[in-house]
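Colleague: There's a structure below that I have some questions on.
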Amino acid sequence: MKIDEFYRGSASVTLNGSIAALVPAIIIGVGNLYYFQNKQIMLLTIPFIIYSLISFQIYLFRMKQSISIGRNMPHSETHNRSLFEARHLVVIFMNHQQACVHLFFPDGNQAGVIKKHRKKGFFQPAIYALYNGQEQAIGFYKIKQSKSLIIEVYDMNMRYVGCYEKFKNRKEIMDDAGRFIGSVEGSKLYMDERVLNQSRQQVGGLRRGLMPIEWSTRFPNPNTPVLSLSENLSEKDKLVRMSFLIHEYFIER
């Protein structure tokens, strides 16, 4: 999927909401016409009609964005790239039917998505999966609650590779042997999460407002967050450090 297709799909969801909002308005109008014939009752249709009109305008706006973005998309074939190869990824959070985090390469091609993994039964910990651009699960994040919040990280073969632990005043990252390998620090006022190694050197981060101008033709919102990960990190290290996204988008929000 490309970013213009993403916006087109988002527009379709908004259009469906616009149409759905008309249903109760029609029911109220028809019911009043045949049974009550009371002008005051027709006032109940106003909120639904207003919502429908606003949603339709949003649909038109997003379709216009999709068409504009499609014209500015490069024609390079990058859909088989691994998201772990990217130095920067654009992060878009959607919460329509199912909360999910979409990851895009700067050229507008989808790198992957994080969403809730299907559970096999009740009373099991919540599990989120990281999927690549071919919709293959390449990592899993299992949430556990004890005295602290723990997000266990597993690779595509369900091998444990580390964890993220949120204490009251700190956020730590551990490897598969339980050794401290870094931390996450951020601002409470705005999105500026910094991923540090054990020497307190920054190896990653998530921040709004850092998008280069040349990306704006594909990502029209300049405040869209950008995820950065050092190229010196291995795939396993990146998978572990990306666990802070689970806390940022699916737990804190």
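The values are calculated or read from the model by the stated rules, or taken from the named source; none is laboratory data. None of the values given here were measured: they were computed from a predicted structure. Positions of Cβ are backbone-derived with ideal geometry, glycine not excepted, and every protein chain shown enters the neighbour counts. These area figures cover heavy atoms from the full protein model, side chains too; ligands, DNA and RNA do not enter into them. Shrake-Rupley method; radii C 1.70, N 1.55, O 1.52, S 1.80 Å.
Colleague: For region 136-173, which residues satisfy the criterion of being of a type outside the set (K, R), part of a loop (DSSP other than H, G, I, E, B) and more than 21 Å from the chain's Cα centre (by Cα)?
Modeller: At the first step, the residues of region 136-173 found to be of a type outside the set (K, R) are 136-141, 143, 145-146, 148-158, 160-165, 167, 169, 172-173.
When the remaining residues are screened for being part of a loop (DSSP other than H, G, I, E, B), the result is 136, 146, 148, 156-158, 167, 169.
Scanning region 136-173 gives S146, S148, N157, M158, F167, N169.
Colleague: How many residues, within region 218-253, are basic (K, R), open to solvent by less than 30 Å² (accessible area, probe 1.4 Å) and touching a helix residue (DSSP H, G or I) at 6+ places or on another chain (Cβ under 7 Å)? Outline the logic, then answer.
Modeller: As a first pass, look at region 218-253 and keep what is basic (K, R): 218, 236, 238, 241, 253.
With the extra rule that they be open to solvent by less than 30 Å² (accessible area, probe 1.4 Å), the set shrinks to 238, 241.
Those still in the list that are touching a helix residue (DSSP H, G or I) at 6+ places or on another chain (Cβ under 7 Å) too: 238.
Total meeting the criteria: 1.
Colleague: A follow-up question, please. Could you check, for region 49-64, whether at least one of its residues is of a type in the set (S, T, Y), within 19 Å of L103 (Cα to Cα) and touching a residue at least 40 places away in the same chain (Cβ under 8 Å)?
Modeller: No; the residues of region 49-64 include none that is of a type in the set (S, T, Y), within 19 Å of L103 (Cα to Cα) and touching a residue at least 40 places away in the same chain (Cβ under 8 Å).
Colleague: Before we move on, is E214 over 30 Å from Q65 (Cα atoms) and either surrounded by fewer than 21 Cβ atoms within 10 Å (Cβ to Cβ) or touching a residue at least 60 places away in the same chain (Cβ under 8 Å) (or both)?
Modeller: Judged against the criteria, E214 is not a match.
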